[in-house]
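Q: Handing you a structure now.
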Amino acid sequence: EEKIRLVQQAIEELGYVPNAFAKGLKTKRSCVISLVLHDTFNPQYMSLVNSVTKTAQKNEYSVMIYHSDRSVNKEKDALINSISNGVDGIILDPVGLKNDYIKEVIRQKIPVVFAGRSIRGINAPCVLANIKSGTYDAVSYLIQNGHRRIGFVTNSLNTNLSKESFEGYKKALDCFNIPMQPECIKTNASSHTGGY
């Protein structure tokens, strides 16, 4: 007990802080998770960032956050940095439907969880929202409150998420016998400015 007391006293006097890197060399764990998102300024991602960081902190993990800016090259750089920093896992909202570097990450046995969308041909856990149902509910709510001209604004109708959302939009209009109005459908809104 005396030795323990002396060691603790020395820790306090010297302001000693354990070196996480050195500890990681011994344990083969960094206690760091990488979170790679399209747009860290988008409010829809903030709840994800909050949830991930709170859960990580409860489990004594840190989170490195990367902003891919919807660029496959920036996403690849984020994955390379994650690997070189020895992260224990990666949470990724993939930019496109194909990024061969993700396969390299998985081949190196780094756990990957997709958030927001999955990539066909890559076997990894995925957390998805029910986009079609959510859009249907939102459009139905507007209709039930007396609205009849309801716009649909999206980046493109070529992505799985946009297609699912558009299906929910069409389904709600059909259920309430409201004809679709092509002039109310706008694409190429990949940013706040584009959406505006």
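Q: Do we find that Asn158 is farther than 22 Å from Ser71 by Cα, among the polar types (S, T, N, Q), open to solvent by 70 Å² or more (accessible area, probe 1.4 Å) and not in a helix (DSSP H, G or I) in this structure?
A: No, not satisfied.
Q: If I filter region 172-196 down to residues being among the aliphatic types (A, V, I, L, M) and within 16 Å of His147 (Cα to Cα), which single residue comes out as most open to solvent (accessible area, probe 1.4 Å)?
A: Here the answer is Met180.
Q: What number of residues in region 112-148 are modelled with pLDDT of 90 or more and closer than 17 Å to Glu167 by Cα?
A: Matching residues across region 112-148 total 12.
Q: Give me the pairs: first residue in region 62-86 and under 16 Å from Lys103 (Cβ atoms), second residue assigned to a helix (DSSP H, G or I) and among the hydrophobic types (A, V, I, L, M, F, W, C), beta-carbon distance under 8 Å, and six or more apart or on different chains, which are they?
A: Leu79/Ile102; Leu79/Val105; Ser82/Val105; Ile83/Val105
Q: Using the structure shown, decide if Tyr101 is aromatic (Phe, Trp, Tyr), at pLDDT below 95 and open to solvent by 40 Å² or more (accessible area, probe 1.4 Å).
A: Spelling it out, Tyr101 is indeed aromatic (Phe, Trp, Tyr), at pLDDT below 95 and open to solvent by 40 Å² or more (accessible area, probe 1.4 Å).
Q: Provide a single number: the residues in region 26-53 that are among the hydroxyl-bearing types (Ser, Thr, Tyr) and part of a helix (DSSP H, G or I).
A: Counting residues in region 26-53 that are among the hydroxyl-bearing types (Ser, Thr, Tyr) and part of a helix (DSSP H, G or I) gives 5.
Q: Which residue pairs have Cβ atoms under 8 Å apart, sit 6 or more places apart or on different chains, and have a first residue in region 169-194 that is closer than 22 Å to Asp39 by Cβ and a second that is among the polar types (S, T, N, Q) and open to solvent by 100 Å² or more (accessible area, probe 1.4 Å)?
A: From residues that are closer than 22 Å to Asp39 by Cβ, the pairs are Gly194/Asn188.
The values are calculated or read from the model by the stated rules, or taken from the named source; none is laboratory data. Please read all numbers here as calculations on a predicted model, not as lab measurements. A quick note on method: Cβ atoms are made from the backbone with ideal geometry, for glycine too, and the neighbour counts reach across all protein chains shown. Just the protein is used for accessible areas: all its heavy atoms, side chains included, with ligands, DNA and RNA removed. Shrake-Rupley method; radii C 1.70, N 1.55, O 1.52, S 1.80 Å.
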